[in-house]
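The values are calculated or read from the model by the stated rules, or taken from the named source; none is laboratory data. What you are looking at is a predicted structure, and each value in this text was computed from that prediction instead of being measured. All Cβ positions, even for glycine, are placed from backbone atoms using ideal geometry, and neighbour counts span all protein chains on display. What goes into the accessible areas is simple: the full protein's heavy atoms, side chains included, and nothing from ligands, DNA or RNA. Shrake-Rupley method; radii C 1.70, N 1.55, O 1.52, S 1.80 Å.
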Amino acid sequence: MQEFDAEGGDVNAAAVTPQTLTPEQRRKQVRDEWSACLTRLAETRDKSEFARLFGYFAPRVKSYILRLGMPDATAEEVMQEAMLLVWRKAHLFNRTKASASTWIFTLARNQSIDRMRRDKVQFYELPEEEPDPEQRDMGEHSIIAERMQEAIATLPEGQAQVLHLSYYEGKSHSEIAEQLGIPLGSVKSRLRLAFSKLKAHWGEEV
Amino acid sequence: MNISHHFDDATLMAYSAGTLPEGMALLVACHLHWCPHCRDRVEVTNSVGGALLDRLEPAALDDNALDSLLARLDEPEQEFASPEHSRSEPAGDSELPAPLAQLLGAPMDELPWKRIGYGVRQIDLELKGPGAARLLRISPGVSVPHHTHGGNELTLILKGSYNDELGRFCRGDVADLDGDVEHQPLVDTDEDCICLIATDAPLKFSGLMGRLVQPFIGL
Ligand SMILES: [Zn+2]
């Protein structure tokens, strides 16, 4: 019976995979290239490798810092500090633990936090730019739709929204609860659900 | 170290996103120092930030941004270690996780503990920003009626152990509480229990002792 099945159904022929990469695989390839570049930088201390990394990451790091609510000039400074740390700490980068993007994100995050704590007044006194809450929500939704792509876009809107407010806008869970008018417990349970899905989806990247 | 109580996923996500108040971030960093399991988990929550960074629309930089940074690359390095990720030799008490040891700079027995009630002493870490962070030192057999108030509250056991409605908590364990949780930790060995407690709202005690303690804590 076993033999007959194996001969009869040509499983292998049907399972031939096309050579084209999915968008997710392509992104992984890009990430791997930057991780390799950062690893080379650590070994060679070659400034042209650093300039390449700068070209890709510096504008994104600055974009992240701007989203946390810092004025442009401060964001530029903090970006410079974060990128200087990339140069100085490159030897601590371990690509089996994190991608270059993740590692640089954590450096940029820590620099931003340090700056916010030092310049607390400046940070908290920033004026709110969007007074209309309805418009604000629509803006967030369109950003989610545009940029979070694939993995994050597969999350239900409520989960993607809390993820966005937390990571992109630096809002605490309590602030998110207040802004969305939902209990703190709901913010957390949405994040937990998002996390368990992303964990499965991004398993390979970690 | 045999750790059996860990953080909620949501707490690690807030840590990765950089949105925890200073004291809570310190407490998470301390537990991570001791807990390989949560270090693995935080790699996942950090990678959410990395993936978001990849998806961000690049911002315009100053015209000479790259050149001015290239000019700085050969500057001598100064002190730039952040306590959160530093792995250097801890100053002070080697029984403490490095981030806390560096902050305190002295062994725990030499710290200026303030008595705030029968068998309970504390040190307010007096960090800036929202929330509060303190060390609490509770004598054997003492029970501290305690009530979280709406916000989030993290407790990391540094020494000794306690028992409450939620289980037994030993060195390295964290209690990650939110909402309105009423619990009554009881120190269940003959050793002082020392914990780091960090909140994003003022800490409140309830019950008879709470009423006695509250004015002294000054909240
Ligand atoms: Zn843990």
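The residue pairs whose first member lies in the range B:28-48 and is part of a helix (DSSP H, G or I), whose second member is near the ligand (Cβ under 10 Å from one of its atoms) and of a type in the set (Val, Ile, Thr), and whose beta carbons are closer than 6 Å, counting only pairs six or more residues apart or on different chains, are B:HIS31/B:VAL174. Residues of the range B:133-164 that are closer than 30 Å to A:GLU178 by Cα and more than 16 Å from the ligand (Cβ to nearest atom): B:ALA133, B:ARG134, B:LEU135, B:PRO145, B:HIS146, B:HIS147, B:THR148, B:HIS149, B:GLY150, B:GLY151, B:ASN152, B:GLU153.
B:LEU26 satisfies every condition listed in (1) within 13 Å of the ligand (Cβ to nearest atom); (2) closer than 13 Å to B:PRO97 by Cβ except (1).
Condition check: more than 16 Å from the ligand (Cβ to nearest atom), modelled with pLDDT of 95 or more, surrounded by fewer than 18 Cβ atoms within 10 Å (Cβ to Cβ) and among the small types (Gly, Ala, Ser). Does B:ALA65 satisfy that? I'd like the intermediate steps shown before the answer.
Working: more than 16 Å from the ligand (Cβ to nearest atom): yes; modelled with pLDDT of 95 or more: yes; surrounded by fewer than 18 Cβ atoms within 10 Å (Cβ to Cβ): no; among the small types (Gly, Ala, Ser): yes.
No; evaluated as a whole, the condition is false for this residue.
Hey, could you check the range B:168-202 for residues that are open to solvent by 20 Å² or more (accessible area, probe 1.4 Å) and within 15 Å of the ligand (Cβ to nearest atom) and say which is nearest to B:PHE7 (Cα to Cα)? The extreme case among them is B:ASP176. Being more than 8 Å from every other protein chain (Cβ to nearest Cβ) and either more than 16 Å from the ligand (Cβ to nearest atom) or within 21 Å of B:GLU95 (Cβ to Cβ) (or both) is the filter; apply it to the range B:1-23 and report the residue that is most open to solvent (accessible area, probe 1.4 Å). Of everything passing the filter in the range B:1-23, B:ASN2 is most open to solvent (accessible area, probe 1.4 Å). Residues in the range A:86-103 that are over 8 Å from B:GLY50 (Cβ atoms), facing chain B (nearest Cβ under 7 Å) and outside any loop (DSSP other than H, G, I, E, B): A:TRP87, A:ARG88.
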